[in-house]
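The values are calculated or read from the model by the stated rules, or taken from the named source; none is laboratory data. Treat the numbers as computed from the prediction; the structure is a model and nothing was measured. Don't worry about glycine lacking a Cβ; one is built from the backbone with ideal geometry, like all the others, and counts go over all protein chains shown.
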Amino acid sequence: MAKECIFCRIAAGEVPSDIVYQDEDFLAFRDISPQAPIHILIIPKTHIASSAELTEEQHELVGRLIITAKNLAEKEGVAKEGYRLVINCGSEGGQVVPHLHLHLLGGRRLADKLG
Ligand code: DGP
C-alpha cells in the first residue's frame, strides 16, 4: 500500500467508497464523479502506479482485471447494450489518480470520438 495513494486508502477501507465488488486481488467502486449512469472503477489492490509500470509477469492480473470488468458489466445490466473500458495513463492520457484503474462506463450512448 502506498500511504499517500487515495485508491490504496480506499482499498484499505480508510476512505469510504461505494464498493460494488471485491476479491483478494481487486476492488471495484463507483466513481465519485460519474460520467455515465454506470461508472465503476476497478483497481488492483496492490499499488501499481499506471499501465506504464506493468511487467510481463503481471499479464494474468491484467487479464483478470478485464474479466472482472466484463462480469461487472453483466451484473450492472449494461453488457447487452454495450459499454466502454478505459485506462488512462500519464498526464497526456488524462490520468489523474496514479494507481492503475479501469473505468467501466455504460448506461448511455457514449461519444463516438475518444478525444
Ligand atoms: P483518471 O482520470 O483515469 O485518473 O480517473 C480518476 C477517477 O477517479 C476520476 O473519474 C474520479 C475518480 N476519483 C478520484 N478520487 C476519488 C475518490 O476519492 N473516490 C471515488 N469513488 N472516485 C474518485
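Close Cβ contacts (under 9 Å, 6 or more residues apart or on different chains) running from residues in the range 43-72 that are of a type in the set (D, E, K, R) to residues that are at pLDDT below 95 and in a loop (DSSP other than H, G, I, E, B) comprise LYS45/MET1. Within the range 74-88, being part of a helix (DSSP H, G or I) and among the basic types (Lys, Arg) holds for one residue alone: LYS75. Only one of the numbered conditions (1) outside any loop (DSSP other than H, G, I, E, B); (2) within 16 Å of the ligand (Cβ to nearest atom) is not met by ASN71, and that is (2). In this entry, ILE32 is excluded by the filter for residues that are touching a strand residue (DSSP E or B) at 6+ places or on another chain (Cβ under 6 Å) and free of Cβ contacts under 8 Å to residues at least 40 places away in the same chain. Number of residues in the range 58-115 that are acidic (Asp, Glu) and over 17 Å from ILE42 (Cβ atoms) equals 3.
Taking into account only those residues within the range 35-50 that are outside any loop (DSSP other than H, G, I, E, B) and within 9 Å of the ligand (Cβ to nearest atom), which is surrounded by the fewest Cβ atoms within 10 Å (Cβ to Cβ)? Step by step, filter the range 35-50, then rank; the result is HIS39. Please determine, by comparing only the residues of the range 21-34 that are in a loop (DSSP other than H, G, I, E, B) and more than 7 Å from the ligand (Cβ to nearest atom), which one is nearest to ALA111 (Cα to Cα). Here the residue is PRO34. What residue, among those in the range 15-25 that are within 19 Å of GLU4 (Cα to Cα) and either of a type outside the set (Ser, Thr, Tyr) or in contact with a Gly (Cβ under 9 Å, 6 or more places away or on another chain) (or both), is surrounded by the most Cβ atoms within 10 Å (Cβ to Cβ)? It comes out as VAL15. Looking across the range 89-115, the residues that are in a loop (DSSP other than H, G, I, E, B) and touching a residue at least 24 places away in the same chain (Cβ under 8 Å) come down to CYS89, GLY90, GLN95, VAL97, PRO98, HIS99, LEU100, HIS101, GLY107, ARG108, LEU110. Scanning the range 15-34 for residues that are charged (D, E, K, R), out of contact with any His (no Cβ under 8 Å at 6 or more places or on another chain) and under 15 Å from LEU72 (Cβ atoms) yields ASP18, ASP23, ASP25.
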